[in-house]
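Here the structure is laid out as C-alpha cells; the discussion comes afterwards.
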Amino acid sequence: MSADPHVLVVDDEPQIQKLLKVALSAAGWRVSLAATAADALRAIAASAPDVVILDLGLPDRSGLDVLKDMRAFSTTPVLILSARDREGDKIEALDAGADDYVEKPFGMGELLARLRVAMRKTAGKAATITRVEADGLVIDMEKRLVTRDGAPIRLTPKEYDLLVTLARHAGRVVTHRQILAAVWGPAHVQDTQYLRVLIGQLRPKIERNPSTPSIVRTEAGVGYRFMVDGDYQSTSTSRQ
Amino acid sequence: MAARRRRRCSRASRRCPGAGSTIRGRALAEFDLDAALSRKPKLIVVDELAHSNPPDCRHPKRWQDVEELLDAGIDVWTALNIQHLESLADVVSRITGVTVRETVPDLVVQEADDVVLVDITPDELIQRLHDGKVYLPATAKRATQNFFTSGNLTALRELALRRTADRVDDQVTDYLRQKAIEGPWGASEKLLACVDADAVSEKVIRRTAQLATRLNGDWMALHIERPGAEGDSGRSARLTELFALAERLGAETLRVAGADTAAAILRVARRENVSQIVVAEPVRGFWRGLSSRSLADALTRDAGEIELHMIPADDEPPRPRGAPRVTLRREGLGVEFAAAAAAVGLAVPVGHGLALLVALPNVSMIFLAAVLACAVLLGVRAAVIASIGSFLAYNFFFIEPIYSFTVAQPHELLALFVFLAAAILTGSLAGRVREQRDRVIRHAAATQTLYDFSRRLSAATSTDEVVWAAVSQLHKTFGRRAVLLTGADGELTLQGAWPPDVELDAAERSAARWAAQKREPAGAMTGTMPCLALLFRPLATARGIVGVCGFEPPALDRPLTPEEERMLEVVLDQTALALDRAVLAREAVKAASAIENDKVRDALLASLSHDLRTPLATISGAASALRELDTRLTPEARADLLQSIDEESDRLSRFVTNLLDMSRIEAGGLKARREAVDVADAVEAAAERCGKLYPDRPVRVSLAAGLPFARGDGRLLEQVLFNLLDNAQKYGGDSGASVHARAEGDEIVLSVTDEGPGVKPADLDRIFEKFYRGGRPDGRKAGTGLGLSICRGLIEAMGGTIVAQSPAARRRGTRMLIRLPVATTPKGLAE
C-alpha cells in the first residue's frame, strides 16, 4: 500500500471532498482530507504527502496563507483547486510557490494529468533536466541545440532562454513574472510586452502550426505552458 | 473714413471686434461687445482703437474690447493714431503741448499680425480738416488750432514712419534669422529701468521702453525698497502706478529690498544679464543731491560692462495726480503744528514756574521734554516743528534779553543752537521709535487677524463654513460688503455674503463670471467693468479656479495699500485652499464609498461564482471520473459519485430557484395569490422537505387547535417555511428546529425557532438584506445570503410581515415570526 502516492486534499466543501476521495482512490492514490487551513498545515507537517490539492477559499484562513506557510518547511508540489476565476489569485498562488492550478469545475482526467506532472518534479529536479522532447522538437541543453525533426533551428539567445525556461517546467504553467525574471532578470518582471513579442518570434520557429500552437500554449492572463508528449492536453487533442 | 488720416492702421488677424452689429438702429451707438461676440463673425472692423468707453461698459477702453474679441477667435481690423501709443505719450505731449489721455499699450500693437501705415502729408490733412472730412466744423477748428498744426503733424508723421520702419526692420531680422542667414546679430539687449516714487521715474520708464523697442530688447523695471520706507502709503501707491505703466509698456517688474541701492541694482542687473541700466539723473538740490549723486556715482563706479543712461528730470511741475497727496500732508501737518504749539506754549509757563520755585540749571530741559512728548505722541514731523518752536520760545522767553529774539551773550547763542540740534535729534529718534512701534502694532494686529482667520478656516470642515469665515473676514478687513461665489466658470453660485442679504445684479454676476473665466480681477478699480462698486478676484488653486470673491474696496479713488493688498491676498489664497480642501474631502468621501461599493460587489460576485461553481465542480468532476476511471471504480465508488451528482444537482437547482425568485420579487413580477390557505398543509410539506435534506435533525411541529385559514399563497408559504427551516438547521446546530402556529386576533402567527447561538441584536434586521450572510458556528461558509430576503419578499407579497427575534429562549436560539392575515372567507362558504 505504501507504494501508492499520497495526496492531501484541502477543501471545505464536503461534496468536493467526497468526490475527490472516491475518484482519486480509484485512480490509485492514497487520499487524506483536510477542511481547514490549520488541519492542512498539521497534515502536511505530520504525514508529508507527495502532493497537495489546495482550495484557495478556506473557512479559517485563505489557501494562499497555507501555501506561504507550508513553503517555509516543505517543497511538496501544490496543485491549486479553486472556484475563483480571477487571474490575480491564480498568479499570486503560482508566484507564491504553487506548482499548477486547476479551475473548478474541472474534468477528472485533467486533474489526474496535472497531478502526474506535479509528481514528476519530485522525481527529478528541474535543473537537472538536460533534454526535453515534444512533438518532434528536441531541446538538448548540454549542447545548446534545438532541432525539429532532426533539422537544427536557429534561435536568438533570448528565444533559447525562454524555450529552456518553459521546457524545464514542462507540463506546468509558468507565470509571466517567473519567465520575465528568468529571461530578462528581476528588474523586468512587469514588462509583459517583451514576453509577448518574444513568444511571437519563437512560435513560428518551433511550432508546426504557429496559429494553433501545440508546444508552447498560452494560459490566458497567467503565463505559458510547455506541453510534452504524454500530457493530458495532447492526449485529448490528437495522439497516435 | 476721414478719421483715418495720419494714423497707423493695425490689423490683428488673430482676432477682432464686430462693429457692424452695434451701429444698427442707433445714431451714436457704443460698440456692443456682447452682441459682437454672440454673432461670432470671422472679421470685425473697429475704428478708433484708443477710444474710451462710457462708464457702464465692461471695459474702460476699446482696446480691451478688441482683446476680448481676439480671445474669442474673431479677427479684427482696427485703426489707431500714432499719438495714442502709450510709450510715445510723453514725446507727443512734449512736441504738441497736448497731454494725450487716450492711450493704447504698445503690446497691443506689437502683437498685431500686421501693421499698415496710412500716410498723408500734413498740408493735405489740414485741407481735409478744413473740408470737414475729419471732424465736424466746430471741432475741426479747435483741433486745427490746438493740435493739427503743420509742425505737430510733421513730427507725428515722422514718429509714425519711424515706428513702422522699426517694425518692418524687426520683421526683416526675424526673416533672416529664420532662414539662418548670417549677419551681425549682436547679443540681444536687456535693459533695466531704475524706478523710484519720484516724478522722473515715469520718464525713465517711458524712455527705457522706447530704447528697448529700438534695440529690439527686453526690459525690466526695478525698484529697490529701502528698509524703513515701506510704511509710506503715498509712495507705494505711486510705485504701483508706475509699475502698472511699465507693465503696459511691456516690462517685467521687480521690487527688491536692499539697504545699498546701487549694489542691489547691480546685483539684479548681473543676475538678469542686463546690458544697459537707465536711471534718473541726479537732482541738483538740497538734501537729495547728496544721496542721488552717490547712487549715480556708485553705479558708474561699479557698473563695469553695463552701460548707463541718465535721464534728466523734467522742468515742468509734477503731474496733477500728485496734488491730493500734498493736501493730505498739509492736513496732517496742521495737527502736528497745533500739537507742537500747545506743547511749547505749555513749556513756557511751566519753565517760568519752575524757575521761580527751584533754581533750574537749564530750563531747556523743559522744552526738550515738550519736544519728546510731541515725538512720542505724533512722530518725527511734530518733533521737528516742536524743536524749532522751542528754539524760538526758549530764545524769546528765557534768554537775555528776554522777550526778544536777539541774544546778548555769544555762548548763549551757541547753547541755543546746540539745544536746537539736540532737540531735533532726540525728537527725531523718539518719533521714529514711535512710528516703528505703530508699525509693529499694526503688523501684530494684521498678523493676529490672519492667524485668527486661518484658525477659523482650518476648523471649517464644510464649504459653507469656509465661505462664511471668508466673507466675514473680508467684511472685517474692509468694513464693506463682501460676497463669495463658488463653482467652475460658467456656473458660479452665490455661496455667502456679508451682510447676509446681499444679492448680485446682472452686471456684477457677469463681472464675477469674467473674473473666473479669465482668472483676472474684474469690477471696481480694474480694467473690466470698473463702474461696479464691487471688486471681484478669482480664487485660484493649483487645480484651477474654485470660486470668485467680491468685495467693496475701502476707497475707489486709490488702489489698495500694500498692507491691504497683502492681507487680501492671504485671505483669498487661504480661502481658495480651504475651499479646495473641502471639495477634495467631499470627493474623497465619494471615492471611498465607491470603493466600498466595489468591494461589496466583488465579494458578491465571488460568492455567487463560488455558489454556482461548487456544485458544478462536483457534478462535472464526478461525471468525468465515471467516464475516465470507468473500470477502475468499485461499485460503491460509482454509487457515491452518482449520489454526489444527484445531491449537487438539487443544490444547484435550489440556488438557481432562489436567484430567480429574488429577481422576480425585485422586478415586481411575483404574483402572490390571496386565497385561503391551510397553514397546517404548508408546515407539513416544508417539514417533510427539510427532513429529506437533514435526515438526522428533527423538526418539531406544534399547531394550535382550530386554527383558521390564512390568506395567502400556499406554495409560497411552503417555500418560506422551508427556507426558514433550512436556515434553522444550518445555523441552529444539531438540536433541530421547531415550528409553531397560533391565531392572534385577525392574524395567524407562525414561528420557526432554532437553538443555535442566535443573532447579534445589530444584525436582526440586516439578515433580511440581500446577500447578507451571518457567520456559521463552525466557521464554514454561509449560504447564498438570499434565503431570508426571499422569505421577506414572499411574505410581504402575501400581505404579511416577518421579523427575527434573538435570543429565543434561555439566551440561545433565533425565532422567526411570520404574521399573516386570517382569511375572511366565511366558514359556511368554505365548507
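Since every read-out is calculated from the coordinates, none of them should be taken as a lab result. This is a predicted model, so every value here is computed, not measured. Neighbour counts run over all protein chains shown; Cβ positions are idealised from the backbone, glycine included.
I'd like the Karplus ³J(HN,Hα) series for the stretch A:19-27: coefficients 6.51, -1.76, 1.60, θ = phi - 60°, whole numbers in Hz, and an x wherever there's a Gly or Pro.
4, 5, 4, 5, 5, 5, 4, 5, 7
Answer rounded, prolate or oblate for chain A, using the Cα gyration tensor with square roots of eigenvalues a ≥ b ≥ c: rounded when a/c is under 1.5, else prolate when a/b is larger than b/c, else oblate.
Prolate shape, in that a/c is at least 1.5 and a/b is the bigger ratio.
Working from Cα positions, state the angle (0 to 90°, nearest 10) between the long axis of helix B:506-518 and the longest principal axis of chain B.
90
Which shape class, rounded, prolate or oblate, goes with chain B when its Cα gyration tensor gives a ≥ b ≥ c as root eigenvalues, a/c under 1.5 marks rounded, and past that a/b bigger than b/c marks prolate?
Prolate shape, in that a/c is at least 1.5 and a/b is the bigger ratio.
If I stretch the segment between B:I120 and B:N597 completely, what's the gain in nm (0.36 nm per residue apart, minus their alpha carbon distance), one decimal?
Additional length available on full extension: 164.0 nm.
For a quick check: sort B:R810, B:R513, A:R42 by the number of other beta carbons within 10 angstrom, fewest at the front.
Arranged by neighbour count, lowest to highest, B:R810, B:R513, A:R42 become B:R810, A:R42, B:R513.
Semi-axes, largest first, in whole Å: what does sqrt of 5 times each Cα gyration tensor eigenvalue give for the stretch A:6-123?
18, 16, 15
Report, in deg cm²/dmol and to the nearest 500, the calculated mean residue ellipticity at 222 nm for chain A, where each DSSP H run with n ≥ 4 adds -39500 (n - 2.57) and the sum is divided by the residue count.
That comes out to -12500 deg cm²/dmol.
If you count the DSSP beta bridges with both ends in chain B, what percent of them are antiparallel, to the nearest 5?
65
In whole Å, what are the extents of the protein assembly as shown along the principal axes defined by its C-alpha atoms, from largest to smallest?
Extents along the principal axes: 144, 90, 78 Å.
Calculate, in nm to one decimal, what B:T149 and B:K590 gain on full extension: separation in residues at 0.36 nm each, minus their alpha carbon distance.
151.4 nm
Suppose R0 equals 30 Å; then what is the FRET efficiency for A:A72 and A:D191 from their Cβ-Cβ distance, rounded to the nearest 0.05?
0.50
Which value in nm describes the separation of the simple spin-label points at B:E400 and A:T218, placed 7 Å from the Cα toward the beta carbon?
Reported label-point gap for B:E400 and A:T218 is 12.3 nm.
What percent antiparallel are the DSSP beta bridges of the stretch B:656-775, to the nearest 5?
For the stretch B:656-775, the DSSP antiparallel bridge percentage is about 70.
Sort B:671-683, B:545-557 by the packing proxy (mean of other Cβ within 10 Å over each peptide's residues), most packed first.
Put in order of decreasing packing, that is B:545-557, B:671-683.
Once R0 is set to 35 Å, what does the formula 1/(1 + (r/R0)^6) return for the Cβ-Cβ distance between B:A408 and B:R437, expressed as a FRET efficiency to the nearest 0.05?
The calculated FRET efficiency here is 0.25.
By counting other Cβ atoms within 10 Å of each Cβ, how are B:K133, B:K203 ranked from fewest to most?
So the residues, fewest neighbours to most, are B:K133, B:K203.
What FRET efficiency do you get for B:R766 and B:A667 if R0 is 30 Å and r is their Cβ-Cβ distance, rounded to the nearest 0.05?
0.85
Along the positive direction of the dipole of chain B (beta-carbon charges: Lys, Arg +1; Asp, Glu -1; about the Cα centre), which of B:W77, B:N273, B:V418 reaches farthest?
B:V418
Run the numbers for B:L392 and B:T634: contour at 0.36 nm per residue of separation, minus the present Cα-Cα distance, in nm.
73.5 nm
Using only Cα atoms, locate the centre of the stretch A:138-215 and the centre of the stretch B:717-763, then give the distance between them in Å, rounded to an integer.
So the separation of the two Cα centres works out to 62 Å.
Check the straight Cα-Cα distances from B:K133 and name the lysines below 27 Å, setting aside those fewer than 8 residues away within the same chain.
Partners found: B:K61, B:K141.
Among B:D501, A:D161, which comes first, then next, by fewest other beta-carbon atoms within 10 Å?
Result, fewest neighbours first: B:D501, A:D161.
Report the residues of the stretch B:542-560 in range of a label on B:D71: point 7 Å along Cα→C-beta, backbone N strictly under 15 Å from it.
Once the point is set 7 Å along Cα→Cβ of B:D71, B:545 turn out to lie under 15 Å by backbone N, inside the stretch B:542-560.
What do you get for the angle between helix B:137-146 and the principal long axis of chain B? Use alpha-carbon atoms, 0 to 90 degrees, nearest ten.
It works out to around 60 degrees.
Long-range amide H contacts for B:A524: which residues qualify at under 5 Å (H placed 1.01 Å from N, peptide plane, sequence gap of 5 or more or a different chain)?
Distant-sequence amide H within range of B:A524: B:L532, B:L534, B:L535, B:F536.
Using only the alpha-carbon atoms, how far is helix B:635-667 inclined from the longest principal axis of chain B? Give it as 0 to 90 degrees, nearest 10.
Computed tilt is about 50 degrees.
In peptide A:20-32, how many Cβ atoms from other protein chains are near each Cβ within 10 Å, on average?
5
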